[in-house]
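Written out below as structure tokens is the structure these notes cover.
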Amino acid sequence: KSSKSVLWPLCVSIAEEIVVSGYEGGEAEISCSYGHGYENYKKYLCNRGCGNSDIVIETHLGVHHTKKGSFSLHDDIKRRVFTVNVTQLTLQHAGIYWCAVSRYGKDIYTEVRLQVVKGKFPFLYMYLKKSFYRNINTNDAGTFNNFK
């Protein structure tokens, strides 16, 4: 006997799609909004079929911040947005996830496409940014003009 999780189409409410990108080794921030009245409901991020074993991170009743591995989730109930931060991104993090609000009957799902770009561009960017600000702070007008 094998037990399979089945996702029934009538039990799902899909809102929209979110696309988030980050660099390998960096971080990504996924922001998911939800409607009025769901402030005290469980929020979670899942992948694959969104069965219990597919939940990547979740809140619990009365707890609005949680961390699990490279994932952290913060639920801002005043703004009605929960944010999932993913740190130390790897290429394996890339894929389709779902932001979800748990409710009786059918959960509310928002598709999230997480893209992870291979490369060291953030380090180059940070080097250029540091160099740029250092030159401004030393009043090196010639270097500043090169960035205009």
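Each value in this text was obtained by applying a stated rule to the coordinates, not by laboratory testing. Here the structure is a predicted model, which means the values were calculated and not measured. Neighbour counts run over all protein chains shown; Cβ positions are idealised from the backbone, glycine included.
Over 23 Å between C-alpha atoms is what I'm after, so list which of LYS68/LYS106; LYS67/LYS106; LYS43/LYS118; LYS42/LYS106 land there. It would help to have the intermediate numbers written out before the result.
On the way: LYS68/LYS106 25 Å; LYS67/LYS106 25 Å; LYS43/LYS118 30 Å; LYS42/LYS106 13 Å.
As for pairs spanning more than 23 Å Cα to Cα, those are LYS68/LYS106; LYS67/LYS106; LYS43/LYS118.
Count neighbours as other Cβ atoms within 10 Å of each site's Cβ, and list the trypsin sites (Lys or Arg not before Pro) in region 25-85 that are DSSP loop with at most 12 such neighbours. Let's see the in-between values first.
Values: sites: LYS42, LYS43, ARG48, LYS67, LYS68, LYS78, ARG79, ARG80; in loops: LYS42, ARG48, LYS78, ARG79, ARG80.
Sparse-neighbourhood loop trypsin sites (Lys or Arg not before Pro): LYS78, ARG79.
Going Cα to Cα from LYS78, which aspartates and glutamates come in below 18 Å? Please leave out same-chain ones fewer than 8 positions away.
Qualifying aspartates and glutamates at Cα under 18 Å: GLU39.
If you filter region 82-122 for chymotrypsin sites (Phe, Trp or Tyr not before Pro), then keep DSSP loop positions with at most 13 other Cβ within 10 Å, what is left? Write down the numbers at each step before the final one.
Details: sites: PHE82, TYR97, TRP98, TYR104, TYR109; in loops: TYR104.
Of the chymotrypsin sites (Phe, Trp or Tyr not before Pro), the ones in loops of region 82-122 whose Cβ has at most 13 other Cβ atoms within 10 Å are TYR104.
With r defined as the distance between the Cβ atoms of ILE77 and SER53 and R0 fixed at 35 Å, what FRET efficiency is calculated, to the nearest 0.05?
Values: r = 27 Å, r/R0 = 0.78.
E(calc), rounded to 0.05, equals 0.80.
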